[in-house]
Every structure is written in structure tokens, then in C-alpha cells.
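Student: Below is the structure I would like to discuss, written out as C-alpha cells.
The values are calculated or read from the model by the stated rules, or taken from the named source; none is laboratory data. Note that the structure is a prediction, hence the values are computed from the model and not measured. A quick note on method: Cβ atoms are made from the backbone with ideal geometry, for glycine too, and the neighbour counts reach across all protein chains shown. Remember, those area values only see protein heavy atoms, side chains included, never the ligands or the DNA or RNA. Shrake-Rupley method; radii C 1.70, N 1.55, O 1.52, S 1.80 Å.
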Amino acid sequence: MASLSRPFGTLFAALLLMAAAAFCGMLFIPGLNTADRPTGFTVHRGMGFMEIAGEMQRKGAIRNQWQTIIAGRAIPGLHNIKPGRYTVPPGLSNYRLLRYLHTHPQDEVRVTIPEGLELREIARLLSSKLDMDSAGFMAAVRDPAFLGNNGISDSSAEGYLFPGTYNFAWSDTPKEAAGFLVRQFRKFYSDSLKSIAASKGFTEKSLLTLASIVEAETPLDEEKPVVASVYLNRLKKNMRLQADPTVQYALGGEDRLLYYKDLAVDSPYNTYLHPGLPPGPICNPGAASIKAVLNPAETGYLYFVATGKGGHYFASTLAGHAENVRKYREARKSATE
């Protein structure tokens, strides 16, 4: 009996060696399962490893998803692949493919957020560039836990998302992207700026609120200290701000030409009806607008109107303002003729 069992043992050992060789070949032979050209595919948040392997096969990055799945299950940890956009180099072994995906740096996207965008506009912009939807972003910036964690005592993060050009990870969650923008504001809002704000009676919220109005009124940095002086002068005299951008914000939707009936919209943001500052920021101001509120021009101006050429006329009296309105209307009439 012993002599009969020896051939079977030898055969079994040979089969084991063949299986081990085949498995090692599947793991380590270059190009066995991968394409012979660079191939791109996308891993979205929430995709499992088998779904990722299927996507790689559909995109042509691999020929057989089961080879990749077996390799991933056999080597602990390598099947953990982060969301991102990947371009797989040609000729990798299954092992090197998984290691490449597991260790590859996050795909970054450079995004410019202009000054003066509202939350909904930033949501649309980021959702067009990153792996997120605008509804998820809007929910994140209104989430009480998110606001509390970021030191925002308001119902949303409007005003706190600091404009600029930044590199985001393509797979950033809405809370990660919004939190990053809030941190950029915190970096800008230095102790020296906080000291100036406190000396002038501003809270963080009131500063951002007035700066957001200045931002919405003019794109010209050199004009912002003058616009800020107008609103500060009106506040000192207990005059209503009568700021058109606050009415636009109250109306919601896309910006448009305002009508006289719009000035009667029932909203706490309507500064034609309600004295003082509105309840919170109406957009996300940049550095120039914030600094303009903290260091306004010294003027006696109480009114301003557009020139029709990008800037504004300023006046200290109603009579002067009426004359500036006349010049603005003439400029608009000339532009349409």
C-alpha cells in the first residue's frame, strides 16, 4: 500500500506546484491581463472592488476582471482603491496594476472660484469639476454639524467660502471641499484683521455681510473702499442701505434687471424695507472687499449709481445723486442707439 500511495503523493505535489506556478504567473507576468496602451477609467465614490474591476474591463484596461479580482482578494489591502480618475500604464502585471491603483496619488483638479459667487453658484462650479453633485454640496454647507465644526454661527456657510484658485482632489466630498474653502478664509482672516474688525465694532458675520454687499456692487478693487464708505456712512446716519444686490439675493434665481416692484419683496434681506445689515452675507467676498470694509475711504458720500461703463458715480447729496442718475440714463440710451 505504501508503494501505491507514493505516485499519488508525487502527482499531488506536482499539481500543487503547477497551480502555484500558474497563480504566480497570473500575479506577476507583465501584460498578461492589461492593455498594451495607456487606458483611462474612473472610480466613483461608493464603488466596490468587484464593480471597479468590471469598470476596468469595460474600459479596456484589463482583459479579464476575474484575474484582477482573484489577485486583489489574494493580497490583503491591494483591493482598497480610492475614488479618482486613473490612467493605467500598459503592460502591467495584475500585482503591479493593483499596487499602482492602491498607491497612486489622488487626481487633482485646479479650480478658480471667482469673488462674489453665491453658494449655489459655487455648488454648480464644483459639481462640474469634481465627483460631487450640487445638491450634496448645498446640503453640506447648510448642515448644522458642518457649520459647528467650522465655527460658523449661521444657517449656512454663505460668505465663508474664500474665493481663489485651488487644487482639489477630484474625489473630494462636498464637506471636504467646503471645509477647505472655509479654512482658506480662516488663514486669510489673521489676528491683525480680527483686531481691526473688533476695534470698529464688527463681528465676523457682520464684516462678511457688509463685505459681500461691497463685492456684489463692484468688480473694481480700487472702487471698493469708496463703496464701503457709502454704506458705512449710511449706517452711521441710520439710513437704510438700499442695496440692490440684497434684493437680488432675496428674489433668488439668476441675477436680472430689477424693477420697482422688486424693491417691495418681503424678505429680511431687502435693505430697501429693513434698516441695518441683512441677516447674513449675500455672496462670498474676496480679500479686497473685506479689506475695503476694514479700511474704507474717507468720504461724505451717501449715494452711488453705475456709470454705464463699469464704474460708479458717487454723491453726497440727493441733488448730486439725481444728476448722476441722469448721466447714467444718458449713457444707457447712447449704448442702445
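Student: Within the range 104-126, identify whether any single residue is open to solvent by 30 Å² or more (accessible area, probe 1.4 Å), part of a helix (DSSP H, G or I) and within 30 Å of residue 35 (Cβ to Cβ), and answer yes or no.
Tutor: no
Student: Looking at 86, 95, which is the one that is open to solvent by 30 Å² or more (accessible area, probe 1.4 Å), on the phi < 0 side of the Ramachandran plot, at pLDDT below 95 and not acidic (Asp, Glu)?
Tutor: Details: 86 fails: open to solvent by 30 Å² or more (accessible area, probe 1.4 Å).
None of the others qualify; the one that does is 95.
Student: From 284, 270, which residue is touching a Leu at 6+ places or on another chain (Cβ under 6 Å) and either open to solvent by less than 60 Å² (accessible area, probe 1.4 Å) or not hydroxyl-bearing (Ser, Thr, Tyr) (or both)? Quick ask: steps written out before the conclusion?
Tutor: Numbers: 270 fails: touching a Leu at 6+ places or on another chain (Cβ under 6 Å).
Residue meeting the stated conditions: 284.
Student: While we're looking at this one, here's another question. Identify, from the list 130, 101, the residue that is open to solvent by less than 30 Å² (accessible area, probe 1.4 Å) and under 11 Å from the mean Cα position of the chain (by Cα).
Tutor: From the options 130, 101, the qualifying one is 130.
Student: Go over the candidates 223, 176, 215 one by one and state the one that is touching an Asp or Glu at 6+ places or on another chain (Cβ under 7 Å), more than 13 Å from residue 277 (Cβ to Cβ) and not aliphatic (A, V, I, L, M).
Tutor: Details: 223 fails: touching an Asp or Glu at 6+ places or on another chain (Cβ under 7 Å); 176 fails: touching an Asp or Glu at 6+ places or on another chain (Cβ under 7 Å).
Testing whether each residue is touching an Asp or Glu at 6+ places or on another chain (Cβ under 7 Å), more than 13 Å from residue 277 (Cβ to Cβ) and not aliphatic (A, V, I, L, M) leaves just 215.
Student: Something else now. Note down all Cβ pairs under 6 Å where the first residue falls in the range 308-337 and is closer than 22 Å to residue 221 by Cβ and in contact (Cβ under 8 Å) with a residue 40 or more places away in the chain, the second is β-branched (Val, Ile, Thr) and open to solvent by 60 Å² or more (accessible area, probe 1.4 Å), and they're at least six residues apart or on different chains.
Tutor: No pair meets every condition.
Quick grid of which residues meet (1) surrounded by 17 or more Cβ atoms within 10 Å (Cβ to Cβ); (2) farther than 30 Å from residue 302 by Cα:
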position	(1), (2)
176	no, yes
183	no, yes
187	no, yes
203	no, no
212	yes, no
223	yes, no
231	yes, no
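Student: In the range 319-333, is there at least one residue being open to solvent by less than 20 Å² (accessible area, probe 1.4 Å) and closer than 22 Å to residue 250 by Cβ?
Tutor: Step one: filter the range 319-333 for residues open to solvent by less than 20 Å² (accessible area, probe 1.4 Å), giving 324.
Those left that are additionally closer than 22 Å to residue 250 by Cβ: none.
No; the residues of the range 319-333 include none that is open to solvent by less than 20 Å² (accessible area, probe 1.4 Å) and closer than 22 Å to residue 250 by Cβ.
Student: On to the next question. Within the range 148-168, work out how many residues are within 19 Å of residue 212 (Cα to Cα), open to solvent by less than 30 Å² (accessible area, probe 1.4 Å) and either under 10 Å from the mean Cα position of the chain (by Cα) or not aromatic (Phe, Trp, Tyr) (or both).
Tutor: Counting residues in the range 148-168 that are within 19 Å of residue 212 (Cα to Cα), open to solvent by less than 30 Å² (accessible area, probe 1.4 Å) and either under 10 Å from the mean Cα position of the chain (by Cα) or not aromatic (Phe, Trp, Tyr) (or both) gives 9.
Student: Look at residue 235 and say whether it is open to solvent by 30 Å² or more (accessible area, probe 1.4 Å) and within 20 Å of residue 118 (Cα to Cα).
Tutor: Values: open to solvent by 30 Å² or more (accessible area, probe 1.4 Å): yes; within 20 Å of residue 118 (Cα to Cα): no.
Against the criterion (open to solvent by 30 Å² or more (accessible area, probe 1.4 Å) and within 20 Å of residue 118 (Cα to Cα)), residue 235 does not qualify.
Student: Let me ask something else. Considering only the range 133-147, state which residues are in a helix (DSSP H, G or I) and surrounded by fewer than 18 Cβ atoms within 10 Å (Cβ to Cβ). Quick ask: steps written out before the conclusion?
Tutor: Looking only at the range 133-147, we keep the residues that are in a helix (DSSP H, G or I), and these are 134-140, 144-147.
Matches in the range 133-147: 135, 136, 139, 144, 145.
Student: Within the range 48-74, work out how many residues are open to solvent by less than 40 Å² (accessible area, probe 1.4 Å) and not hydroxyl-bearing (Ser, Thr, Tyr).
Tutor: Result for the range 48-74: 13.
Student: Also, I was wondering about something else. For residue 171, state whether it is touching a strand residue (DSSP E or B) at 6+ places or on another chain (Cβ under 6 Å) and in a loop (DSSP other than H, G, I, E, B).
Tutor: Working: touching a strand residue (DSSP E or B) at 6+ places or on another chain (Cβ under 6 Å): yes; in a loop (DSSP other than H, G, I, E, B): yes.
Yes: the conditions hold for residue 171.
Student: State yes or no: is residue 207 open to solvent by less than 30 Å² (accessible area, probe 1.4 Å) and closer than 22 Å to residue 142 by Cα?
Tutor: Values: open to solvent by less than 30 Å² (accessible area, probe 1.4 Å): yes; closer than 22 Å to residue 142 by Cα: yes.
Criteria met by residue 207.
Student: Kindly evaluate residue 58 against the criterion of being part of a strand (DSSP E or B) and at pLDDT 95 or above. Steps first, please.
Tutor: Numbers: part of a strand (DSSP E or B): no; at pLDDT 95 or above: yes.
So residue 58 does not fit the description; no.
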